[in-house]
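> I am attaching a structure below and will ask some questions about it afterwards.
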Amino acid sequence: MKHLQGIQLFVEVAKAQSFSRAADILGVPKSTLSRQVAPLEQTLGLQLLTRTTRRVDLTDAGKLYLERCERIVQAAQAAHEELQSLVDTPSGPLRVNMPADFATDFLADAFAEFATRYPAISFHLDMAAPEHAEHVFHSGDVSIELGDLPNSTQIARLLGSIPAYLYASPEYLARRGEPQHPRDLLDHDYIQFRSSSHNTQQAWPFANGTERYVVETPGRFSVNSIAMLRRLIALGVGIGALTERGSSTDIQNGRLVRVLPDWHAGPLPVYAVTATRLLPAKTRIFIEFLVDYMTRDCTAKVGIKPCQNLSSSRK
């Protein structure tokens, strides 16, 4: 097809919303992108992109064209990289969206190891908190998501789960008293972690051996940043759930105290979410690597529990 290369380059520009960023990702001059994309618009007789000095936006025609063309490009790329995988040399840019706090605390070592193992892969990591997977695939190959997914139709691989425990500041406990049972949380302020704009946890499940208890009450604060959650707890705003690794420094410095030490909050699931099941070799190998990494290393190093069924995925 005469314009196949132009279609592929258009898709990259549309995902990156910038000719410059797309050029960096592809490793080609910006001028090459302009020369390849412009003939598409001329052939179609429609404007696909609106260009400003800061960004590129899709017109309505461009959105429709992207939706159709992206599938073609993904299929071609998957076929190409499937052949590459036969010689075990996956290559090209891997674009990963993930929450910044989780990426820094839990995945930095994983990326370092994966980069050493596959030197032909380059990385473009977007650590802005995603507004969930259905919105991120214009700029990424895979999204690492925390918490229950709001859309049951998403294509998701369960990587593991992170145990969480309740913490508060000494000042808060001196002012409000210390809860002795999860039911006592109804008389306290607590801060909810929001894994996405669609997923604000209203029910807190707790476990103590075989005993289970669910607390259902809205918190005064809902945040999608673990760092912000930890800071608000340390400032005495309320009680919140954190991982042991994420709270260890504040505990040592006396800023945080474990609350209800015999109980743990429901574990936070970790998913790898993709837009399609037809994955390029680099994406598929990366997801498999994360499953192995969280099972092999994170269980001992950072307290991530491996998932029960590593072959399971959501539709």
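What follows is calculated from the coordinates using simple rules that are stated; it is not laboratory data. No experiment lies behind these values; they were computed from the predicted model shown. Glycine gets a Cβ as well: all are built from the backbone with ideal geometry, and neighbour counts include every protein chain shown.
> For a footprinting-style exposure proxy, rank 81, 288, 244 by other Cβ within 10 Å, fewest first.
On the way: 81 20, 288 13, 244 16.
Fewest to most other Cβ atoms nearby, the residues stand as 288, 244, 81.
> Applying the Karplus parametrisation 6.51 cos²θ - 1.76 cosθ + 1.60 with θ = phi - 60° to the phi angles of region 172-178, what ³J(HN,Hα) value in whole Hz is obtained for each residue in order, glycine and proline being reported as x?
Working through the residues one at a time gives 5, 5, 5, 7, 10, x, 9 Hz.
> Related question: According to a simple spin-label model (label point 7 Å from Cα along Cα-to-Cβ), what is the distance in nm between residue 248 and residue 216?
Result for the modelled spin labels: 3.7 nm.
> Please give the length that would be gained between residue 277 and residue 155 if that part of the chain were fully extended, namely 0.36 nm times their separation in residues minus their C-alpha to C-alpha distance (nm, one decimal). Let's see the in-between values first.
Working: separation 122, 0.36 × 122 = 43.92 nm, distance 0.71 nm.
Full extension of this stretch gives 43.2 nm more.
> Taking amide H atoms as placed 1.01 Å from N in the peptide plane, list the residues 5 or more away in sequence, or in a different chain, whose amide H sits under 5 Å from that of residue 264.
Here 207 satisfy the definition.
> Per 0.36 nm of contour for each residue apart, how much would the distance between residue 183 and residue 24 grow if the chain were fully extended, relative to their Cα-Cα spacing? Walk me through the intermediate numbers first.
Values: separation 159, 0.36 × 159 = 57.24 nm, distance 5.33 nm.
That works out to 51.9 nm of additional length.
> Ranked highest first by average number of other Cβ atoms within 10 Å, how do 35-44, 262-271 line up? Before the final figure, lay out each step's value.
Details: 35-44: 14.8, 262-271: 19.7.
Top of the packing list down: 262-271, 35-44.
> Can you put 247, 225 in order of Cβ neighbours within 10 angstrom, beginning with the fewest?
Ranking 247, 225 by Cβ neighbours within 10 Å, fewest first, gives 225, 247.
> Could you list which residues have their amide H under 5 Å from that of residue 59, counting only those 5 or more apart in sequence or on another chain, with H placed in the peptide plane?
Here the answer is 49, 50, since their amide H atoms fall under 5 Å of that of residue 59.
> Moving to a separate point now. Could you compute the FRET efficiency for residue 55 and residue 5, with r as their C-beta to C-beta distance and R0 at 22 Å, rounded to 0.05?
Numbers: r = 23 Å, r/R0 = 1.06.
For R0 = 22 Å, the calculated efficiency reads 0.40.
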